[in-house]
Amino acid sequence: MILKSLMMPDPLPQHTPVLAAEVLTALAPTPGKRFVDGTVGLGGHSAALLAAGAQVLAIDRDASALRQAAERLARYGDQVCFVHADFRSLKTVLNQPGWSEVDGILVDLGVSSWQLDEPARGFSFRHDGPLDMRMDTSQPVTAADIVNTWEEEPLAELIRQWGEERYARQVAYRIVQARRQTPIRTTGQLAAIVRQAIPQRGPQRIDPATRTFQALRIAVNRELDGLETFVSEATDVLAPGGRLAVITFHSLEDRPIKRALRREAGIPDDDAPTDFWGRRVTPTPRLRLLHRRPIIPTDAEVASNPRARSAKLRAAERLP
Ligand SMILES: C[S@@+](CC[C@H](N)C(=O)[O-])C[C@H]1O[C@@H](n2cnc3c(N)ncnc32)[C@H](O)[C@@H]1O
C-alpha cells in the first residue's frame, strides 16, 4: 500500500540518524537518482537523501513510524513515497512502474529510539508497558505470547542464542515459575523476573534484562530471517554503479550481512563448495565492497548519541 505524502510543515523535533555523513558518502545521492530506504523510521537518513535531490521510496513495517516519517518529509512532496512493508519483500515492493532498478538501497536495522522510548510499544525494560515488542502491530505474536506459552527448554535456548545470555537457563526457569502464579503481561514484570534470575556481581555495565529483551524482540519480529537473501535480492535490483548500505547493531545481524556481501563480492567463505581439485569455488562477483572494514561511529558521535556506539556500516557497489 503506497501512502501519499502529506503537504505539511515539519513540526517535529530534530532527529539525528546514526552514521549520517558516512551513509551519504557511501550512497552518493545526486538529483534524480532513485533510492530505497528500507527502514525509514523517523526519516533521518531519507531526509538527507531527499535534501540531495534524490527520489526516495521509503519503507517501514511499523505503520506508526511511517506516519511520522510522512509528516517529517512532507515538504519533499512527490520526491518521496511511503510503503508499509517489510524490506525483505523488496522485489514485491519494487514491482511498480519506474522502480525496477534503483541507484541505492539503505537499511538501518533494529528498532528506532522512538520505538524504544514509547512505553506502549513494549520494547524497553526502562519503561513499564504491555509486553508487546511488535514492530508491525498487525502481526499476531507478541512477546507476552512467547513468555507465557513456550516450554522452558526452547525459551532458554531462545534467550541463550539470540540474547547471548549465559544465565539463559536460570532466566527461563524463573519465567516459568513466575507465570504459574500470574501471567507475565508487562515489561516491568518481565524485567524484575530477569533481574532476580541473574547473579549480580558488582556494578553492572548494562541492565541484566537487556539480553533477554533483545532475544524476545528478535523472535517476535523474526529479525534475523532472510537477511542473506535480502542482500542477494538487493544486488539483483541495483543498477550498475548503484550502492547498498547496511547498518547493523549487533553481531547476530552483522554476521549474515557480512557473509552475504562477501559472497556477492566474489570472496568465498569457509563453507563454499570446492571443485574437483579441492579449491574453493569463487562466486562470480556482482558487488565491490567499498570498505575493507565496517565503518563505525566517531567518539564524538557516540558521545552525543550513545545508542550509536555499536553501529557498523557496510557498503558495496554493483559492478557493471
Ligand atoms: C534504526 S530505525 C531506522 C532509523 C532511520 N534510519 C532514521 O533515520 O530515522 C529502524 C526502523 O526500521 C524498521 N524496521 C526494522 N526491521 C524492518 C523490516 N524488516 N522491514 C521494514 N522495516 C523494518 C523499524 O520499524 C524502525 O522504524
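Given the conditions (1) within 16 Å of the ligand (Cβ to nearest atom); (2) under 24 Å from ASP236 (Cα atoms), and given that GLY122 satisfies all but one, which numbered condition is not satisfied?
In the conditions (1) within 16 Å of the ligand (Cβ to nearest atom); (2) under 24 Å from ASP236 (Cα atoms), GLY122 misses (2) alone.
With respect to PHE35, determine if the residue is in contact with a Pro (Cβ under 7 Å, 6 or more places away or on another chain), within 14 Å of the ligand (Cβ to nearest atom) and either of a type outside the set (S, T, N, Q) or farther than 30 Å from THR298 by Cα (or both).
Answer is yes for this residue.
If you go through region 35-63, how many residues are in contact (Cβ under 8 Å) with a residue 60 or more places away in the chain and surrounded by fewer than 19 Cβ atoms within 10 Å (Cβ to Cβ)?
1
For the condition surrounded by 16 or more Cβ atoms within 10 Å (Cβ to Cβ) and aliphatic (A, V, I, L, M), what is the one hit in ALA303, ALA308?
Numbers: ALA303 fails: surrounded by 16 or more Cβ atoms within 10 Å (Cβ to Cβ).
Checking each option against the conditions leaves just ALA308.
Only one of (1) surrounded by 22 or more Cβ atoms within 10 Å (Cβ to Cβ); (2) at pLDDT 95 or above fails for SER138. Which number is that?
(1)
If you go through region 65-85, how many residues are farther than 18 Å from ALA20 by Cα, among the small types (Gly, Ala, Ser) and either in contact with a strand residue (DSSP E or B) (Cβ under 9 Å, 6 or more places away or on another chain) or more than 9 Å from the ligand (Cβ to nearest atom) (or both)?
The number of residues fulfilling the criteria is 4.
I need a count of the residues in region 42-73 that are in contact with a His (Cβ under 9 Å, 6 or more places away or on another chain) and either assigned to a loop (DSSP other than H, G, I, E, B) or acidic (Asp, Glu) (or both).
5
Within region 106-118, can you find the residues that are over 20 Å from VAL141 (Cβ atoms) and either more than 8 Å from the ligand (Cβ to nearest atom) or in a strand (DSSP E or B) (or both)?
The answer is LEU106, VAL107, ASP108, ASP117.
Could you check, for region 103-116, whether at least one of its residues is closer than 13 Å to GLN55 by Cα, among the acidic types (Asp, Glu) and modelled with pLDDT of 95 or more?
Scanning region 103-116, I find at least one residue that is closer than 13 Å to GLN55 by Cα, among the acidic types (Asp, Glu) and modelled with pLDDT of 95 or more, so the answer is yes.
Kindly list, by first and then second residue, each pair from a residue in region 147-159 that is at pLDDT 95 or above to a residue that is assigned to a loop (DSSP other than H, G, I, E, B), limited to pairs with Cβ atoms under 7 Å and residues at least 6 apart or on different chains.
VAL147/LEU131; VAL147/ILE184; ASN148/PRO183; ASN148/ILE184; ILE159/GLU165
Tell me, please, whether a residue that is in a loop (DSSP other than H, G, I, E, B) and not aliphatic (A, V, I, L, M) can be found in region 17-24. Give the steps one after another, and end with the answer.
The initial filter retains those residues of region 17-24 that are in a loop (DSSP other than H, G, I, E, B), namely 17-19.
Within this subset, residues satisfying the condition of being not aliphatic (A, V, I, L, M) are 17.
Within region 17-24, one or more residues are in a loop (DSSP other than H, G, I, E, B) and not aliphatic (A, V, I, L, M).
What are the pairs with Cβ atoms under 8 angstrom where one residue, in region 89-106, is among the hydroxyl-bearing types (Ser, Thr, Tyr) and the other, located anywhere, is within 16 Å of the ligand (Cβ to nearest atom)? Sequence gap at least six, or different chains.
Listed by first residue and then by second, the contacts come to THR92/ALA85; SER100/LEU94; SER100/VAL237.
Condition first: surrounded by fewer than 21 Cβ atoms within 10 Å (Cβ to Cβ) and within 23 Å of GLY32 (Cβ to Cβ). Now tell me which residues in region 95-112 satisfy that.
ASN95, GLN96, PRO97, GLY98, TRP99, SER100, GLU101
The values are calculated or read from the model by the stated rules, or taken from the named source; none is laboratory data. In this text the structure is predicted, and so the values were computed from the model without any measurement. A quick note on method: Cβ atoms are made from the backbone with ideal geometry, for glycine too, and the neighbour counts reach across all protein chains shown.
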